[in-house]
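The values are calculated or read from the model by the stated rules, or taken from the named source; none is laboratory data. Note that the structure is a prediction, hence the values are computed from the model and not measured. Note that we place each Cβ from the backbone using ideal geometry, even for glycine, and neighbour counts take in every protein chain shown.
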Amino acid sequence: MPSGHSIATLSRVRVPAAVLVALFALAGCASGRIPFTQNLRNQYGLEGDDLKKLQYFVSGDVTLQREFRREEGEISKTHKLVMKEGGLLEEVFIAAGTPGIATEVGPNSISVSFEPEGSLVFGSPPSDQDPERKYKLSARRWTDYYGELLYDNKTYYAVKGSGKAHLEVGAESLDAVEKRKKVLPGMTLPAK
């Protein structure tokens, strides 16, 4: 095959550092983290594997509780039992700033695991009224006091302001995401 007629090749290009610096300046985030939003996802064309390469953090404390049933056996090492009126509650506490990894990716959501046993869904549905469309903690339903969600295949209740938590991403993590770019070599007329 003549050299002018080669097949298009793929190369990797890093997200420009200047763009990330500008994002930090706008976000005013001293921790080096910025909210993960649908706009950010769209702007960088982040999908599937790209999203799984990012390091996520939870922006605020998340407290999950459920009634503990002795017949279910032991609780996870990272959970604790709390005495409340009427019995024991199993409690999962995820402190603000806890790192997590994406385990599943949807068009407007990401499941993030903060421990091996379970993951939480964060999302930004198209109906979201937030102009930034931050990826917030998702639940089957929310009331004024709690959100009902599935965690580690059990129903838990997100309490104590957990519904305000959203995902953040480290700038260095965004910088490391590589984008695929198709580079065409061009074509020349055959020599006469």
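Taken over the stretch 112-133, the criterion of being in a loop (DSSP other than H, G, I, E, B), within 18 Å of Q38 (Cβ to Cβ) and of a type outside the set (S, T, Y) is satisfied by P125, P126, D128, Q129, D130, P131, E132, R133. Being under 14 Å from the mean Cα position of the chain (by Cα) and either in a loop (DSSP other than H, G, I, E, B) or at pLDDT 95 or above (or both) is true of P107. Exactly one residue among Y145, Y156 is touching a residue at least 12 places away in the same chain (Cβ under 8 Å), of a type in the set (F, W, Y), in a loop (DSSP other than H, G, I, E, B) and farther than 22 Å from F36 by Cα, and that residue is Y145.
Looking across A165, A158, A102, one residue alone is at pLDDT 95 or above, buried (at least 20 other Cβ atoms within 10 Å of the Cβ) and under 14 Å from K52 (Cα atoms). It is A102. Scanning the stretch 122-141 for residues that are among the basic types (K, R) and surrounded by fewer than 19 Cβ atoms within 10 Å (Cβ to Cβ) gives R140, R141. Against the definition (under 30 Å from Y156 (Cβ atoms), at pLDDT 90 or above and part of a loop (DSSP other than H, G, I, E, B)), how does L64 come out, yes or no? No: the conditions fail for L64.
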